[in-house]
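K.L.:
I have a structure I would like to understand better, so I am pasting it below and will then ask my questions one at a time.
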Amino acid sequence: MISIKLSQELADKGATFMIIWINGAFGSGKTQSAFELQRRLPNSFVYDPENVGYFIRDNIPPDAKQGDFQHYPMWREFNYKMLKYMNDTSDQVIIAPMTVTDPEYFKEIVGKLREDGIDVRFFTLRASKEILLRRLRSRGEGAGSWAAQQIDRCISGFRHETFEQYIDTDELSIDEVVETIARQAGIQLASDQRSPARKRWDRIKTKFAHVRFFG
């Protein structure tokens with residue numbers, strides 16, 4: 001009852017309730033797009049569902065570990081509850097960059113949120129294998145890296161109709177991806193007042209703060 005009351009109070013203040021989930025293969029630009037969107041979208045917050053997976057992996061006995069933390073039911077349940085809690089208690093737009101290729105896992109998080117009446121805009125950033133490998137190399141991950149080894153799985157998984165809100169990024173800059181997301185989500189971006197040097201620095205910081213060298 002408390003969360004419902006608080007949600008109503010925020011709604012009465014004109015709060016925008018929306019979750020923007022940015023899906024895509026590793027190297028597709030999810031994280032860069034998420035943080036660029038946050039920089040240009042007042043009153044927004046980036047939530048990384050991946051962090052829950054690393055907590056679970058680091059705090060579970062070896063014989064209970066899964067090869068992919070998304071296979072843990074508690075990863076899906078926790079992220080569903082976290083996103084629901086933020087939607088119920090905050091007036092900020094929540095931006096979640098996370099690769100999801102399993103339609104059932106999608107249903108357990110995004111599907112349940114939508115069943116709760118929460119506005120979740122879900123976008124899949126697509127890119128060719130060649131482009132994905134090139135982008136991974138730019139951040140120090142070669143063809144043998146864990147991220148590169150997931151490319152075929154991701155490309156195949158994204159063919160499912162669940163993920164058909166596609167944005168093809170081979171020929172798009174990060175700015176163009178962000179503007180496409182904003183246009184399709186029906187949100188207004190603030191103008192970007194940063195200098196080219198400051199923009200490059202922001203993206204360098206984002207790149208190296210979120211590189212994952214393992215699964």
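K.L.:
Among the candidates Ile155, Ile167, Ile131, which residue alone is at pLDDT 95 or above, of a type outside the set (Lys, Arg) and assigned to a strand (DSSP E or B)?
P.N.:
Ile167
K.L.:
For the stretch 73-107, give me each residue that is within 18 Å of Asp48 (Cβ to Cβ) and of a type in the set (Asp, Glu).
P.N.:
Matches in the stretch 73-107: Glu77 only.
K.L.:
Could you grab me the full set of residues in the stretch 114-130 that are within 29 Å of Glu176 (Cα to Cα), of a type in the set (Gly, Ala, Ser) and surrounded by fewer than 16 Cβ atoms within 10 Å (Cβ to Cβ)?
P.N.:
Across the stretch 114-130, the qualifying residue is only Ser128.
K.L.:
Going by the conditions given, is Arg135 touching an Asp or Glu at 6+ places or on another chain (Cβ under 8 Å) and under 17 Å from Lys30 (Cα atoms)?
P.N.:
Numbers: touching an Asp or Glu at 6+ places or on another chain (Cβ under 8 Å): no; under 17 Å from Lys30 (Cα atoms): yes.
No.
K.L.:
Tell me which of these Glu141 doesn't satisfy, since it passes every other one: (1) among the acidic types (Asp, Glu); (2) without any contact (Cβ under 8 Å) to a residue 40 or more places away in the chain; (3) surrounded by 17 or more Cβ atoms within 10 Å (Cβ to Cβ).
P.N.:
Only one criterion is unmet by Glu141, namely (2).
K.L.:
In the stretch 27-49, what count of residues is obtained for those that are open to solvent by 10 Å² or more (accessible area, probe 1.4 Å) and either under 11 Å from the mean Cα position of the chain (by Cα) or free of Cβ contacts under 8 Å to residues at least 12 places away in the same chain (or both)?
P.N.:
8
Every residue, every condition in (1) out of contact with any helix residue (DSSP H, G or I) (no Cβ under 8 Å at 6 or more places or on another chain); (2) assigned to a loop (DSSP other than H, G, I, E, B); (3) at pLDDT below 95; (4) on the phi < 0 side of the Ramachandran plot, yes or no:
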site: Ala147; (1), (2), (3), (4): no, no, yes, yes
site: Leu172; (1), (2), (3), (4): no, yes, no, yes
site: Val177; (1), (2), (3), (4): no, no, no, yes
site: Thr180; (1), (2), (3), (4): yes, no, no, yes
site: Ile187; (1), (2), (3), (4): yes, yes, yes, yes
site: Asp192; (1), (2), (3), (4): no, yes, yes, yes
site: Lys199; (1), (2), (3), (4): yes, no, yes, yes
site: Gly215; (1), (2), (3), (4): no, yes, yes, yes
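K.L.:
Looking at the stretch 192-201, is at least one residue under 18 Å from Ser128 (Cα atoms) and among the acidic types (Asp, Glu)? Full working, then the answer.
P.N.:
Start the filter on the stretch 192-201 by keeping residues that are under 18 Å from Ser128 (Cα atoms), which leaves none.
Within the stretch 192-201, not a single residue is under 18 Å from Ser128 (Cα atoms) and among the acidic types (Asp, Glu).
K.L.:
Is it true that Lys65 is basic (Lys, Arg), under 24 Å from Ala190 (Cβ atoms), at pLDDT below 95 and over 13 Å from the mean Cα position of the chain (by Cα)?
P.N.:
No: the conditions fail for Lys65.
K.L.:
Let me confirm something: among Thr169, Thr162, Thr101, Thr206, which residue is within 23 Å of Ile19 (Cβ to Cβ), touching a strand residue (DSSP E or B) at 6+ places or on another chain (Cβ under 7 Å) and either free of Cβ contacts under 8 Å to residues at least 12 places away in the same chain or not basic (Lys, Arg) (or both)?
P.N.:
Among Thr169, Thr162, Thr101, Thr206, only Thr169 is within 23 Å of Ile19 (Cβ to Cβ), touching a strand residue (DSSP E or B) at 6+ places or on another chain (Cβ under 7 Å) and either free of Cβ contacts under 8 Å to residues at least 12 places away in the same chain or not basic (Lys, Arg) (or both).
K.L.:
Could you please find all residues in the stretch 89-113 being closer than 24 Å to Asp68 by Cβ and open to solvent by 40 Å² or more (accessible area, probe 1.4 Å)?
P.N.:
Correct list: Asp102, Glu104, Lys107, Glu108, Lys112.
K.L.:
Filter the stretch 50-88 for residues that are assigned to a loop (DSSP other than H, G, I, E, B), open to solvent by less than 70 Å² (accessible area, probe 1.4 Å) and either touching a residue at least 40 places away in the same chain (Cβ under 8 Å) or under 18 Å from Ile19 (Cβ atoms) (or both) and give the result.
P.N.:
Within the stretch 50-88, Asp68 is the sole residue that qualifies.
The values are calculated or read from the model by the stated rules, or taken from the named source; none is laboratory data. Note that the structure is predicted; figures quoted are calculated from it, not measured. Neighbour counts are summed over all protein chains in view; Cβ atoms, including those assigned to glycine, are modelled from backbone coordinates with ideal geometry. These accessible areas exclude ligands, DNA and RNA; they are computed on the full protein's heavy atoms, side chains included. Shrake-Rupley method; radii C 1.70, N 1.55, O 1.52, S 1.80 Å.
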